[in-house]
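What follows draws every value from the coordinates through simple rules; no lab data is involved. Quick caveat, the model's predicted, so the values are computed rather than measured. As a convention, Cβ positions derive from the backbone with ideal geometry for all residues, glycine included, and neighbour counts pool all protein chains shown.
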Amino acid sequence: MGLFGSAKSKKIKPAKAVTGSIQLPGDKSISHRYAMLAAIAEGSSEIHFFSSSADCQSTLACLGKLGVTIERRDNVVTIQGVGLRGLRPPREVLDAGNSGSTMRMLAGILAGQPFRSVLSGDASLSRRPMQRVIDPLTRMGARIWSAEGARPPLEIEGGALQPIRYELPVPSAQVKSAVLFAGLCAEGETEVVEHTATRDHTEIALEQMGVEIGRHGHTISVRGPARLEGRTVHVPGDISSAAFFLASALLVPESNLVIQNVGLNPTRTAILDLLASMGGDIHVLNVEMLHGELLGDVRAGSSCLEGGEIPPGLIPRLIDELPVLAVVGTQTEKGLWFRGAGELRVKESDRLAAVAPNLRRMGAEVEEFPDGLRVLGRQTLRSAEIDSYGDHRIAMAFAVAGLVAEGITLIRGSDCVDVSFPGFFDALARVTD
């Protein structure tokens, strides 16, 4: 494979093989949560293998503006906790950058602080709806103002909060986390009901930091006011980032790739289960439990994939991987289709409206639905100019497409990958012939 061009575009040649071993940056979702909780804990926390993503740097920057002392040495972040109500009023706007995770989850913490703050973001984040987090936090007693359409910036006047029982209208780990974080400051028991399970990194992180979590059927609860204790923790590799390397190894002939120390939290491994069910040569090795999270090595090799329908029940657990799965679908026997993924319309880009035209530019047949896609199988992808739409997952998904396409694929706006995976193209080049 050849990668060259400016910082804002990458050219990708077809690959002969994807081989060797690779270790990916720390999980973005887990890094966000530990940073926020460490900030309101008592004592110091060391977070090893903290995510290098721009999103997680936005979280650290916001915490710094709230009076939290943060040191970074190599891949270790040390945070001096200030206690549950020790954050200081910020002197300027808190910039979440492109990170919806930062904005939504930090809003939950700010809702319980006795001061006013403003959370803002870049142009992409400023288009994303925030009503789903405004509603429960307002019910708990926070006062929140937003731009038209419940979009950022969010002005939050926090204070004394009341516990609530909140049923998530749509599956969202970020909203669940925001409510639980606010519940840490409330007087009494706050409950979140999720009828479709979402990633449980928040519950695990809270337990690791000494908070008792209630789990009863579909209900997760926390009792406040809570006391968190600083900890030393290790963040596993990001399985959402691993998805692009797995896809590459499955699609490119003569491939045999090992991805080391990947997070294997059962709420995140639907991508492995799905690809294996389609005939993917995927093996999980050396599994261990570390700080409440499963991790291990994942080996993937060239495979003939059957394809088929992605079951609706899996969609919430695959929402980040759907763009690259659509690319994978073009190389399967039956093609691939899914519905119930309307959430993709309000991500960093409208991901359904980004994947479909980009696949068509590469000569593929694809049908776009209001809440899903259908791609035909056994299609030949051809060289094209790809628009990343400023979305990291679109850029990385079509880097995978470029490895199996005829000719050179040009990805415009490729520097957006820094949002989740700085150095993605270099890492891909190291394992690609």
Largest first and in whole Å, what are the equivalent-ellipsoid semi-axes of the chain based on the Cα gyration tensor, each being the root of 5 times an eigenvalue? 37, 22, 21
Please compute the volume of the convex hull spanned by the alpha-carbon atoms of segment 102-233 and report it per residue in Å³. 108
Taking R91, R151 and counting other beta carbon atoms within 10 angstrom, the fewest-first order is R91, R151
For segment 4-120, what Kirkwood radius comes out of the mean inverse Cα-Cα distance, in Å? 15.7
Based on the inverse mean of 1/r over its pairs of different Cα atoms, what is the Kirkwood hydrodynamic radius of segment 206-301, in Å? 15.3
Low-density loop cleavage sites - GluC sites (Glu not before Pro) in segment 313-401, where at most 14 other Cβ are within 10 Å (DSSP): E333, E365
Residues of type aspartates and glutamates that K334 reaches as a straight line, Cα spacing below 14 Å, ignoring anything fewer than 8 places off in the same chain: E306, E309, E365
Percent of C-alpha pairs per 5 Å bin, segment 246-349, short to long: 2, 12, 22, 23, 19, 14, 7, 1, 0
Would you please give the FRET efficiency between L290 and E254, computed as 1/(1 + (r/R0)^6) with r the Cβ-Cβ distance and R0 = 41 Å, to the nearest 0.05? 0.80
